[in-house]
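Input: a single structure, listed below in structure tokens.
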Amino acid sequence: MPAETRHANVRAKAAKHAIRFDQVALVLGGHRIIDGMSFELKAGEFVCVVGPSGCGKTTLLRLLSGLFRPSAGSISYGDRLIEGPSPEIAIVFQDYGKALLPWRTAAGNISLALESRGIPPAQRQGRIAQLLQKVGLASHSDKYPNQMSGGMQQRLQIARCLAQEPAVLLMDEPFGALDAMTRQSLQDEVARLAEEAGTTVLFITHDIEEAIYLGDRVIALKANPGRVAEIIEVNIPRARDQLSTREHPEFLRLRRYLYDFVQETHC
């Protein structure tokens, strides 16, 4: 089945909202971090979030993951409120070095997610092998994190999150510390894996080109307090390519539009 058709099929199944922020506010230490934030994500949608420092991008993920409770408003997943962490929602952190367990091998780190799901030991090995293959680490199962490059460690963290079989994947600037070639490779890998699984992705980034390249939509935030300024549709065909997509007229238009937005919000 062509990639464009697969993508269309995923969207066809996304009739209901997977995630809903309804007038969410968060006050910490007397300071209003987020105010009146409202938006919706559909099942299987890849949405990127951009904005200046202090706009609450990381706080947004903490709210969605259930690590923070809103001071006002509500956050729902499907037909229930998010009131705490859920195995259906996984997070990929930017600091992959601290996210992995250094005393466990690559296989052992992935096994941790399977153990938490109660998967019997006899069923883990095959699943671990499949996930390592998916992220290009099939020959590195016995390596410890400190024996792996930054890109390999981030691939491992992604594989461990996928082992949870989450419906929602939260990503907090996951490629910010990587070199350009590794970053582009992982962008394509994550887009492919999310599409194959029909996973809903909320992806935080400071890189407007990355947001346009990956996203079905881009949520642009304003700061002090954090709030939604605009939600922008990315009408660029999939599957996307690192060269041709970045030369697409719509990509260039959106890049200029978002660049101007970021410049204005920094003033």
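Summary table
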{"item": "Helices (runs of 4 or more DSSP H) enclosed by region 1-106 - at least 2 residues per element that are modelled with pLDDT under 85", "result": "3-12, 96-99"}
{"item": "Any chance residue 110 is more than 16 Å from the chain's Cα centre (by Cα), buried (at least 19 other Cβ atoms within 10 Å of the Cβ) and either free of Cβ contacts under 8 Å to residues at least 24 places away in the same chain or closer than 23 Å to residue 221 by Cβ (or both)", "result": "no"}
{"item": "Which listed residue, of 178, 243, is surrounded by 19 or more Cβ atoms within 10 Å (Cβ to Cβ) and either modelled with pLDDT of 95 or more or not hydroxyl-bearing (Ser, Thr, Tyr) (or both)", "result": "178"}
{"item": "Matching residues in region 90-148 - criterion: being among the hydroxyl-bearing types (Ser, Thr, Tyr) and either farther than 17 Å from residue 190 by Cβ or assigned by TED's automatic domain parsing to the domain that holds residue 201 (or both)", "result": "105, 111, 116, 139, 141, 144"}
{"item": "From 91, 128, 75, residue being crowded, with 20+ Cβ neighbours inside 10 Å and over 30 Å from residue 21 (Cβ atoms)", "result": "128"}
{"item": "Per-region count, region 131-148, residues over 22 Å from the mean Cα position of the chain (by Cα), charged (D, E, K, R) and surrounded by 13 or more Cβ atoms within 10 Å (Cβ to Cβ)", "result": "1"}
{"item": "Leading residue by the ranking (farthest from residue 208 (Cα to Cα)) among those in region 44-72 that are in contact with a Leu (Cβ under 9 Å, 6 or more places away or on another chain) and polar (S, T, N, Q)", "result": "71"}
{"item": "Count of region 130-177 residues which are closer than 29 Å to residue 120 by Cβ and among the acidic types (Asp, Glu)", "result": "2"}
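So that you can scan it fast, the table gives a plain yes or no per residue for (1) closer than 18 Å to residue 259 by Cα; (2) in contact with an Asp or Glu (Cβ under 6 Å, 6 or more places away or on another chain):
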site	(1), (2)
175	no, no
185	no, no
191	no, no
205	yes, yes
215	yes, no
224	no, no
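The values are calculated or read from the model by the stated rules, or taken from the named source; none is laboratory data. For clarity, every value in this text was computed on a predicted model and none was experimentally measured. Every residue, glycine among them, receives a Cβ derived from its backbone with ideal geometry; neighbour counts consider all protein chains shown.
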